[in-house]
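Asks: One structure is given below, represented as structure tokens, and several questions about it will come after.
The values are calculated or read from the model by the stated rules, or taken from the named source; none is laboratory data. It should be emphasised that the depicted structure is a prediction, and the values quoted were computed from it without experimental measurement. Methodologically, a virtual Cβ is constructed for each residue, glycine included, from the backbone with ideal geometry; neighbour enumeration extends over all protein chains shown. Heads up: the accessible areas ignore ligands, DNA and RNA and are worked out on the full protein's heavy atoms, side chains in. Shrake-Rupley method; radii C 1.70, N 1.55, O 1.52, S 1.80 Å.
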Amino acid sequence: MRKSIFSRGIVLNFLKFAFVISLLLGFIPGNSIYARAASYTISEANGTLLSCNGTEVFADANPSTYVTTLTANSPVLVTGLTSNGYWRVDIGGSPFYISQQALSMQPNTTAYKLTSMDAKAALVMNLSNGKPLYSQGATDRLEPASTTKMMTALLTIEAIEAGQFTLDTPVMVSATSIQGMPRDASHVSPRLQAGEVFNVDQLLTAMMVSSDCHSCNVLAELVAGSVPNFVAMMNARAAQLGCVDTNFTNPSGYPDKNMYTNAYSLYLIAANGIQHPLFNKYFNVTTAVLPATNLCPTPRLLENTDSLINPKSGYYNPYVIGGKTGTANRAGQCLVCVAKQNEKSVISVVLGAKNRKMFDGNTVSMRYYETNRLINMGFQNYYL
């Protein structure tokens, strides 16, 4: 028998729980995450830990046997440790199981969820047949933040393909294109200036790599003559693609309570976008440089905020071939992602995620963590 891995302490009294166990078998989109039957051994342990925000309780060491979720910061009596990553716990005199990533020595921490994604909406789709491999709130109305820029890129590239202009076409930044735009809408330093000249390729790069909002308005005026005209085109194109409950109000995704869409509609936009070679050219670039212009004598360095395509990031995923981030106070952290593993191709969407202080004290960006879970799930269940 193994000695306790915790310091023995006073086990606080807490109410017994009356559970109704509902065994969830297999994968049900929106309800549970597919899991195979657990196989494990148990080492004895004895101690008390705190539940986290989102601590899930299971009837067995298997996420398909979900029972309930505990209130945060509740003391939990641990009686064993399984070889597949769970605590065996005593609740109301009966044995249950909790992930080792869901109990902590620290109060006010967050658990990794096993039966759902830590986001307002999450979706992963089989790109070859359009089948959802996991769906959570996929049609819920949410703000898209800068994932909106995928539609702006798509319309710009379709205009290029139609012969309206080329990547080399010079474009002067008009006063109207940047008038009234907040300073935090610019992710290019120095920010774009009225009278400055770029070509279309440089504007698409600034928009898709560094998520610059000013570049969106400049491209919108080029394509449609004005930003309002372009917004009308965005909504018409969204309807053509089959997007539901979607309303764009600007080309950049800058916060607007009247702008909304959903995870499924963003999937449709991304799936259509990647059919265009030019779209893919801007969809997986980690860094780029805008050369000197008539009003800026020094080059500008652009950096992509998508950690999944950055080999130096702890979230790096070598299977990711493209993506677009979005972040705003109401929208939260958003990410649309395309991944390919041999013949398997998936598109994932995460909306409304947050940074979380986890059970081990580390802070995790859940849009990247959950996107990696979705991608892995998509590849694993691709042929189901």
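Asks: Tally time: how many residues in segment 334-374 are under 9 Å from the mean Cα position of the chain (by Cα) and aromatic (F, W, Y)?
Replies: 2
Asks: Do we find that T305 is more than 23 Å from N129 (Cα to Cα), assigned by the TED database to the domain that holds D212 and at pLDDT below 95 in this structure?
Replies: Yes, satisfied.
Asks: Same structure, new question: Please list, ordered by residue number, the helices (runs of 4 or more DSSP H) wholly in segment 215-284 having 2 or more residues that are of a type in the set (V, I, T).
Replies: Hits in segment 215-284: 227-241.
Asks: Let me ask something else about it. Scanning for something open to solvent by 30 Å² or more (accessible area, probe 1.4 Å), in contact (Cβ under 8 Å) with a residue 40 or more places away in the chain, of a type outside the set (S, T, Y) and part of a strand (DSSP E or B), does segment 352-368 turn up at least one residue?
Replies: Looking through segment 352-368, at least one residue is open to solvent by 30 Å² or more (accessible area, probe 1.4 Å), in contact (Cβ under 8 Å) with a residue 40 or more places away in the chain, of a type outside the set (S, T, Y) and part of a strand (DSSP E or B).
Asks: If you take the residues in segment 101-112 that are open to solvent by less than 60 Å² (accessible area, probe 1.4 Å) and not small (G, A, S), which one is nearest to M366 (Cα to Cα)?
Replies: Among residues in segment 101-112 that are open to solvent by less than 60 Å² (accessible area, probe 1.4 Å) and not small (G, A, S), the one nearest to M366 (Cα to Cα) is Y112.
Asks: Does K257 qualify as being closer than 19 Å to I157 by Cα, charged (D, E, K, R) and more than 13 Å from the chain's Cα centre (by Cα)?
Replies: no
Asks: Please pick out the residue among T293, T298 that is β-branched (V, I, T), over 26 Å from the mean Cα position of the chain (by Cα) and open to solvent by 60 Å² or more (accessible area, probe 1.4 Å).
Replies: On inspection, the qualifying residue turns out to be T298.
Asks: Taking strands (runs of 3 or more DSSP E) that do not extend beyond segment 1-79, which have at least 1 residues that are open to solvent by 40 Å² or more (accessible area, probe 1.4 Å) and at pLDDT 50 or above?
Replies: 42-51, 66-69
Asks: So, one more: What pairs come out if I take residues in segment 369-382 that are in a helix (DSSP H, G or I) and pair them with residues that are modelled with pLDDT of 95 or more and small (G, A, S) whose C-beta lies under 6 Å away, six or more apart or interchain?
Replies: Filtered contacts from segment 369-382: E370/A119; T371/S348; L374/S348; I375/A339; I375/S348.
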